[in-house]
Amino acid sequence: MNIEMSSLLLAFATVLPSMVQGQSTPPQPKITGVLTILSPKPGVTVAQVMNIMPAEIRATVPLYLDGKIQQWFTRGDGRGVIFLLNCTDVAEARALIASLPLSKENLMDEQFIPVGPLLPLGILLRDSPTNK
């Protein structure tokens with residue numbers, strides 16, 4: 001799928017619920033997690049990251065076992081990691097990431113994206129035969 005089509009689908013998914021419900025602003029989704037993207041800051045070397053990696057792993061495994069990290073991935077381009085954190089707001093996610101060694105050393109760029117259930121799915125429930 002090309003970027004234009006992805007952008008169109010995203011716009012549609014965001015605007016459709018408000019159009020159907022006659023609202024001028026789209027409803028806000030319930031935040032159920034925070035997608036967190038971590039990548040080395042410009043100028044940070046692989047050696048700098050690898051020097052701290054054993055401590056980083058020791059710090060992240062307990063977060064996973066405690067259910068704070070729901071899922072974790074390596075970026076496909078090899079430039080960092082992606083965590084889906086069980087947090088209900090960005091402030092909580094920032095606090096978790098700030099506790100990790102790579103962040104404490106100020107080596108990582110961090111992106112925090114709150115996520116939740118796909119709102120247009122509510123249209124299916126509202127219009128179902130059992131709700132009439």
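Which of the GluC sites (Glu not before Pro) across segment 47-132 are loop residues per DSSP, with 16 or fewer other Cβ within 10 Å? Those that pass, being in a loop and sparsely packed, are E105. For segment 35-85, applying the loop criterion from DSSP together with a ceiling of 14 other beta carbons within 10 Å to the trypsin sites (Lys or Arg not before Pro) yields R75, R79.
In this view, the solvent-accessible surface of L84, computed with a 1.4 Å probe and all protein chains in place, comes to about 40 Å². Given a 1.4 Å probe and the protein chains as shown, D66 ends up with an accessible area of around 120 Å².
The values are calculated or read from the model by the stated rules, or taken from the named source; none is laboratory data. What you see is a predicted model, and the numbers here were worked out from it, not measured in a lab. Quick reminder, even Gly has a Cβ in these numbers, built from the backbone with ideal geometry, and neighbours come from all protein chains shown. All accessible areas refer to the heavy atoms of the entire protein, side chains included, with ligands and DNA or RNA removed. Shrake-Rupley method; radii C 1.70, N 1.55, O 1.52, S 1.80 Å.
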